[in-house]
Amino acid sequence: MSALSQGLVSGFRIGPRMNISMRLFLCIVAGAVCGLAGSCAPPPAARYQPSEYVWPLPPDVPRVRYVKSIWGDKDLALKSDALDFLAGEGSSNDLLKPFSVATDTTGKIFVTDTARRIVFVFDEKAAKTSFLGLKEKPFKQPVCVAVDAAGRIYVTDSGYHTVMVFNSDDRLISQYGKGILNGPSGVAVDNDRRRVYVVSTKAHRIEVFSLDDGRHLFGFGSRGSGPGQFNYPSDIAVGPAGKLFVVDGMNFRVQILSSEGVYERQIGGMGDAPGQFTRPKGISVDAEGNIYVTDSAFNNFQIFNPEGRLLLIVGSGGVSMPGEFSLPAGIYVDQKRRIFVADQLNRRVQIFERIN
């Protein structure tokens, strides 16, 4: 990702100028409604896919490009199961408050929805949307999602204080962590070491389970601000060589540890300068070891190289335009260099791609 380091810029380029005044009007109206209701989806007219939004701005060489957004199955022209029992505000097949996102090797997109208490499964290849838990209704408060190499899906539930495991047919096959986890959030899979790492947010720890049978293997961490200590951690990612990357929320940093939980170093710190955090939330690490971190206060995500040097900032606050976020949470980078961001209060998942 050395080319990416040439441009440390936040911004985007507007595509077609058609209907710009209408878009601005919709943004103002949507912002007013959001202020009254607490959260809102963009109006139907805002569901557009413009031609070109890139970061950084010209004349710098673009490194990240906006691809599209997903508000629900209509945006992917998919058929879907019914969500009658969850019918409520807006379309029952639209996202209401997406929090975490992941994909599998077939291209399925998994999105936890903390308001609908379900997991959306967008399958463009099969032209269908399905829902984990639609038939069994197992969730109390689903938070984060991860997928292993065999296609099994792992969902943390902070209401039940467990990890729920589903097979590739969307059936619940296992559940574990009760009595060990306290308010679980982030979850990450290490296929090589056959482990599942779970952030136990309220316990300020990381718990480790067997990928094969769900046995609790060990845990590490305690509350504090020292190396290897945590203060309301929120998310975790596994990087090359099994390195662990933990969003240490109220310490305003990302800690980097060995696969056994031994502290190595950290990036970030409290502040509003580039490379610092105010409310870090989600994290992902790509195949090259670059680190992607969302900040729900800054309404952006920052990209760091494997050594922790800031490379690029993408996004700003807003309610409608591509690259505008309102309380972004989970982030996921797939093997095709696509970047998925759960844009909570805008009720969508924004998709970007690395270029150059």
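Does residue 120 satisfy the criteria of being aromatic (Phe, Trp, Tyr), buried (at least 17 other Cβ atoms within 10 Å of the Cβ) and under 18 Å from the mean Cα position of the chain (by Cα)? Spell out the reasoning first.
Details: aromatic (Phe, Trp, Tyr): yes; buried (at least 17 other Cβ atoms within 10 Å of the Cβ): yes; under 18 Å from the mean Cα position of the chain (by Cα): yes.
The answer is yes for residue 120.
Does segment 188-197 contain at least one residue that is touching a residue at least 12 places away in the same chain (Cβ under 8 Å), of a type in the set (Val, Ile, Thr) and open to solvent by 10 Å² or more (accessible area, probe 1.4 Å)? Quick ask: steps written out before the conclusion?
First, the residues of segment 188-197 that are touching a residue at least 12 places away in the same chain (Cβ under 8 Å): 188-197.
Filter again for of a type in the set (Val, Ile, Thr), leaving 189, 196.
Within this subset, residues satisfying the condition of being open to solvent by 10 Å² or more (accessible area, probe 1.4 Å) are 189.
The answer is yes, given that some residue of segment 188-197 is touching a residue at least 12 places away in the same chain (Cβ under 8 Å), of a type in the set (Val, Ile, Thr) and open to solvent by 10 Å² or more (accessible area, probe 1.4 Å).
Go through segment 160-187 and report how many residues are open to solvent by 50 Å² or more (accessible area, probe 1.4 Å), part of a strand (DSSP E or B) and aliphatic (A, V, I, L, M).
2
Residues 238, 208: which one is within 20 Å of the chain's Cα centre (by Cα) and modelled with pLDDT of 95 or more?
Only one candidate qualifies: 238.
I'd like the full set of residues that are of a type outside the set (Phe, Trp, Tyr) and open to solvent by 30 Å² or more (accessible area, probe 1.4 Å), limited to segment 232-250.
The initial filter retains those residues of segment 232-250 that are of a type outside the set (Phe, Trp, Tyr), namely 233-244, 246-250.
Within segment 232-250, 238, 240, 241, 243, 250 qualify.
In segment 148-159, what residues are in contact (Cβ under 8 Å) with a residue 40 or more places away in the chain and outside any loop (DSSP other than H, G, I, E, B)?
Once the filter is applied, which keeps residues that are in contact (Cβ under 8 Å) with a residue 40 or more places away in the chain and outside any loop (DSSP other than H, G, I, E, B), segment 148-159 yields 153, 154, 155, 156.
Any chance you could count how many residues in segment 73-102 are on the phi > 0 side of the Ramachandran plot and modelled with pLDDT of 70 or more?
Adding up the residues that qualify gives 1.
Can you pull out every residue in segment 256-308 that is over 25 Å from residue 66 (Cα atoms), of a type in the set (Val, Ile, Thr) and open to solvent by less than 40 Å² (accessible area, probe 1.4 Å)? Before you say what the answer is, go through the steps one by one.
So the first thing to find is which residues in segment 256-308 are over 25 Å from residue 66 (Cα atoms), and the list is 256-271, 307.
Next, only the ones that are of a type in the set (Val, Ile, Thr) stay: 256, 262, 267.
Selection gives 256, 267.
The values are calculated or read from the model by the stated rules, or taken from the named source; none is laboratory data. In this text the structure is predicted, and so the values were computed from the model without any measurement. Please note: Cβ atoms are built from the backbone with ideal geometry, for glycine as well, and neighbour counts cover all protein chains shown. All accessible areas refer to the heavy atoms of the entire protein, side chains included, with ligands and DNA or RNA removed. Shrake-Rupley method; radii C 1.70, N 1.55, O 1.52, S 1.80 Å.
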